[in-house]
Every structure is written in structure tokens, then in C-alpha cells.
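So the structure is just underneath, and the comments pick up after that.
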Amino acid sequence: MRQFWIPLLVVSASLGFAQAQQWDKRTYDQALADPRKTVVDYFLLCPDIWLDSSGNFYVSPNTAAGRGAFEDRKNLLRKGFSTQGVSVDSVVVDIPNAYISISGKTDFAFTLTFVFFDRKGKSDIPAYSYYSDGIEADTQLSRFYELDGANVWTEITDRLVPPLSLSDFENSSQKPAVAYPEADWVFVLPQKGTTVLAVPYLKNHAEDANSPRPVDKQLQGLLDAKLELLWDNRQGRFTKGALHQ
């Protein structure tokens with residue numbers, strides 16, 4: 001599991017072997033009450049991930065939580081699981097590194113990554129990143145959470161991630177002739193370590209001459225770049241790191 005230590009950031013694999021091997025037998029009450037939850041516990045308890053008994057799957061902020069959802073979601077962790085509404089093609093469940101990755105298909109291909117960060121001495125930070133193809137627009141969601149003593153999930157993405165803009169990706173000191181459009185952001189969550197990659201994308205941005213800023217070669221170069229987000233122990237949040245273009 002990822003741990004935010006002071007002064008070092010390390011990955012800890014100190015989980016009970018039996019707990020790691022028997023997530024499929026885990027009950028809702030056990031996961032809810034356990035003070036040392038695994039990444040599978042957080043995944044099955046997350047209110048945003050929905051798979052109902054009819055096989056309908058989607059990810060949406062604050063969708064549902066509860067006993068029934070807890071058991072149904074276990075099917076998403078089983079490679080080859082298939083219903084009329086969803087098929088699971090690939091699954092990685094890496095409990096020691098607090099990492100889950102699921103790829104599959106609904107009407108369109110999707111990828112869901114789920115992790116949690118262990119803040120030593122403070123509440124954990126479960127997080128997920130979800131991507132799905134679409135006809136008119138793709139769906140991309142990234143969220144960071146904290147839980148209180150009553151296991152209430154509160155989104156804290158804006159508290160952890162610094163303000164981001166496409167200007168962060170510009171190497172030149174010259175300002176662009178036409179202002180950059182406002183971008184949305186998806187976060188690539190790590191299987192190891194604590195460095196997150198911020199990737200920009202334009203939602204419902206028309207690629208034609210009537211757009212405030214058409215997607216030209218320069219702008220596409222920025223959209224293809226990634227910015228490292230580094231955990232700052234002192235501030236208790238991410239800071240901007242190296243740019244990868």
C-alpha cells in the first residue's frame with residue numbers, strides 16, 4: 001500500500017496474507033468495521049461504482065453504496081465475468097501495492113483504476129480514475145476521497161491537487177496568440193509509488209474554425225503531454241513536478 005511517510009515516501013507490503021487472499025469471502029460489515037482496510041475493501045465500498053444485479057455497470061459521483069452493491073461489485077474483480085450489460089476482459093488486483101485495474105466493455109470499452117494512499121497517522125485517501133469511449137464524447141472521471149469515523153466519503157480532489165491549466169504545459173515564454181481553452185483533467189494513478197500523472201483533455205470542444213481555439217498542432221502537443229504531481233509531506237497535498245512531452 002502507498003504510504004505518505006515523513007521524510008520518505010515508501011510502498012509498504014505489510015498486509016495479512018489471509019486477508020489479501022480471501023477478499024471474495026469478505027462481508028460488508030467486515031470491510032466497513034476494519035480499521036486497516038485493503039484496496040479491495042475501499043473498492044467495494046466506494047459509492048461511485050455501480051454494478052447492479054441485472055449487470056448494469058457505470059461510474060458516477062455518489063451513485064450508491066450498501067450491502068447489495070458491495071456483493072455485486074465483486075464480480076467486477078473476476079476476469080471473464082459477463083452479463084448483457086458488461087464484460088470484464090482484464091483484471092489486476094495488487095493488494096500489497098493498493099492497486100486495482102479493470103478493463104472491459106459495456107456499450108463501449110472502459111478502463112477503471114482504483115488505488116488508495118495511506119497517510120501515516122491520518123485517514124486513507126481512496127482514489128479512482130475511469131475512462132470510457134463514447135460516440136460523441138468520451139467519459140473521463142478522476143476522484144480523491146477521505147473517510148471520516150462514520151465511513152462517510154468526502155471528495156477532496158480540489159484540496160489535494162493544485163490548480164492546473166494548459167499554460168502549465170507551455171515551454172515558450174511567449175503567450176499564445178489565442179488563449180488556450182479550459183481543459184478538464186484525468187489522473188493516471190500509480191501501481192507503485194505516489195507520483196500521479198495529470199493528463200489534460202477537452203470536453204465537447206469542436207475541432208473547427210468556429211471554436212475559440214481550434215485543435216491545431218501546437219494545442220494537440222499540449223494535450224499529449226503529462227504533468228507529474230508529487231506528494232508534498234509538509235503541505236499534505238500534491239505539487240507540480242516534471243513535464244513529460
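Every number in this text was worked out from the coordinates using simple rules, so none of it is lab data. Note that the structure is a prediction, hence the values are computed from the model and not measured. When we count neighbours, we look across all protein chains shown, and the Cβ atoms used for this are built from the backbone with ideal geometry, even at glycine.
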task = Compute the FRET efficiency between SER103 and ASP168 as 1/(1 + (r/R0)^6), taking r as their Cβ-Cβ distance and R0 = 41 Å, and round to the nearest 0.05.
result = 0.90
note = Using alpha carbon centers only, the range 22-100 is separated from the range 105-159 by a whole-angstrom value of 13 Å
inquiry  = Distance cut-off 29 Å, Cα to Cα: go down the list LYS74/LYS240; LYS25/LYS240; LYS74/LYS122; LYS105/LYS192 and report the pairs above it.
reply    = LYS74/LYS240; LYS25/LYS240
remark   = The exposure ranking of SER123, SER167, fewest beta-carbon neighbours within 10 Å first, is SER167, SER123
task = Please report THR113, THR27 as a ranked list, fewest other C-beta atoms within 10 angstrom at the top and most at the bottom.
result = THR27, THR113
query = Considering amide H positions built from the backbone, and no H for Pro or chain starts, which residues 5 or more places from VAL186, or on another chain, come under 5 Å of its amide H?
reply = VAL199, TYR201
